[in-house]
Amino acid sequence: MTGPFRIAIVNPNTTSAMTDRVVAAAAPSARPDTTLLAITPTTGVPSIESHVDEVHGAVSVLTEVERLELLPDAARPHAYVIACFGDTGLPGAREAARGPVVGMTEAALVTATQLAHRFTIITMPERTREQSDRVVRTLGLGHRAVVRAVDEPVAAVEDSSLHLLDLFVAEGRRALADDHAEAIVLGCAGLADLVEPLGQALGVPVIDGVAAAVSLAEGLLAQGLGTSRISTWARPTSGGAA
């Protein structure tokens, strides 16, 4: 497929201001002819900060993907990006969508492997470390990645994350010294405005997962690649998308 592409950026939480910020931050990384669709669920939770939140968020993601899959061909997204660290609802979305679905966490970690041998994820808040750990384990990157956290709520970055820069710089310096990190992965969709100032402060690559996921989704579409329907992500046999 040569484009132009329509990529839906699906926010698993119901905070539309966060969705708008995430899409605006990812837009410069997209091809000029790619349309990014900002998708915010109408029901669910305002932020994903616990396992219970993740369950609600996963349902919201699946609901939105199934709704979008019913659109006419001229309006349906060619691909989807899940804009939550931990890739909330990713497996179900991959089964339901006709096009590829890219999780921001997987995209960020795969990007980091191309730039650095060792890297550190700095997520937030503290209790969400497991969501990052899970994706690290799934990708088999435990020998290369360390997870750290800044104990601030996701709501703290609804409008901007620049007020947290000093905290991330301090944690990033500890990562470089103690983890031997060579790159930093930002562990929340609302942290994209830290990419440039944090990179300047630390002198290493800083990766935003949503931008990475958009670029990866475009690459898959350009290669004509879609989700394998053999076994794991085969289309649902009962219920779900048609």
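Values in this text are rule-based calculations from the coordinates and carry no lab data. Computed from a predicted structure; not experimentally measured. Note that we place each Cβ from the backbone using ideal geometry, even for glycine, and neighbour counts take in every protein chain shown.
Observations on the model:
- Between residue 149 and 123, the built amide H atoms are under 5 Å apart, and every one of these is 5 or more places off in sequence or on another chain.
- At R0 = 35 Å, FRET efficiency that the Cβ-Cβ distance of residue 196 and residue 230 yields, to 0.05: 0.25
- Net length available on complete extension from residue 52 to residue 33 is 3.1 nm, with 0.36 nm assigned per residue and the Cα-Cα distance removed.
- Rounded to the nearest 500, the 222 nm mean residue ellipticity of the chain from helices alone is -11000 deg cm²/dmol, with -39,500 (n - 2.57) taken per DSSP H run of at least 4 residues.
- In plain terms, the chain from residue 237 to residue 173 could stretch by 18.1 nm, reckoned as 0.36 nm per residue minus the Cα-Cα distance.
- Cβ-Cβ FRET estimate between residue 165 and residue 129, R0 fixed at 22 Å, reported to 0.05: 0.55
- Spin-label pair residue 16/residue 42, simplified geometry with 7 Å Cα→Cβ offset, distance in nm: 1.1
- Kirkwood-based Rg to Rh ratio, the stretch 40-110, C-alpha trace: 0.97
- Computed from backbone phi, the HN-Hα couplings of the stretch 218-223 come to 4, x, 5, 5, 4, 8 Hz, rounded to whole numbers (Karplus: 6.51 cos²θ - 1.76 cosθ + 1.60, θ = phi - 60°; Gly and Pro given as x).
- Modelled this way, with points 7 Å down the Cα-to-C-beta line, the labels at residue 151 and residue 74 are 5.5 nm from one another.
- Averaging Cα coordinates gives a centre for the stretch 165-201 and one for the stretch 51-125; these two points are 22 Å apart.
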